[in-house]
Amino acid sequence: MEMDERKTKILEAIIRNYLQTGEPVGSRTISKLEGLKVSPATIRNEMADLEEMGYILQPHTSSGRIPSDKGYRFYVDRMMSEKEKEVSEMEEMVVQKADQLSELLRQVSKLLAENTQYAAMVSSPQIHHNKLKFIQLSRVDSNHVLAVIVVEGNIIKNKMINVAEEIDDDTILKLNLLLNTHLNGLSLEEINLGLITLIKERAGIHSEMIGSVIDAVAEAIKADEDLEIYTSGANNIFKYPELSDNQKASEIISTLEEKEQFGELMTRSLSELDSGNGDSHGIQVYIGNETPIQSMKNCSVVTATYELEDGMKGMMSIIGPKRMDYDKVAKTLKTLQDQLDALYKKK
């Protein structure tokens, strides 16, 4: 007998269901799953074949089936092969897209400054409200396991995990299944104590290591990549007498060059947008003391968020005098916002 596509789908369904429930899986349960479109009788025949081939077991008479070690091995080898290929493709795609996006954002900051005759800052996109896509554990040596964690936006994080005792490849593969079955597609808020306790219980003697992996997942989900800031038009500040005083201009330009405080402004703007405040296009106006950046208390700062795929958000800002042309600034930001949306085909 050969392992054809239908048998593969049924075996995968049995394993996924067993991992979720811990109970033997019957043909009627499998027949209710989407995508199979075969009768319980056909599924029973296929399950009998899978049992004869050694991929599943029937622990008790008249009970459902559970995966054998051979079944786990087939499923995990197939799954991990697909994931390894996906990670490799992601890495190539992310590098290429990052280079293209970096140049694009430089051009956006230059256009903003030229069109408004004020200073402009544009941030790289950051993941907002991350969700886990999948985890891949790999044994490095007898004392270390590498966790590759992929989150929304195809951001890849690597974490070396210490292990108290040597873990064989079969155990690593089963732990991969356990983690991916329970955690894929979840946000940090959805990974609650009850779920963590359940996963640790099912991990048995490896619960401590699994706890470290879950900690790494939480860190990967909540951590932003280093914020890249692109600036242009700093010298435009000197065109406005109220800002061209040596001390004021020096403080503003220093902020534009150092860029650190800009991250605070981005966080505040995104938070206000999420809470329902501000323009529907994510445009915020900070006048004088309203801005959280101390060196810009004599300025007005107008920001607009842009959003790419998978919840990746960044911010564009215009910095100028309080008497800036707000209408022109808002229109310029909205135009570039629309162009970024169209370029990345944001739905």
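Coordinate-derived values only; no laboratory data. All values derive from a computational prediction rather than experimental measurement. Cβ placement follows ideal geometry from the backbone for every residue including glycine, while neighbour counts extend to all protein chains displayed.
Things worth noting here:
- Residue order, fewest to most beta carbons within 10 Å, for I43, I205: I205, I43
- Fewest-first ordering of M121, M324, M53 by other beta carbons within 10 Å of each residue's beta carbon gives M53, M324, M121.
- Less than 5 angstrom separates the built amide H of K322 from those of S300, all sequence-distant by 5 or more or on a different chain.
- Cα pair count fraction exceeding 19 Å, expressed as % - segment 132-222: 31
- Volume per residue of the C-alpha convex hull in segment 5-67, rounded to whole Å³: 75
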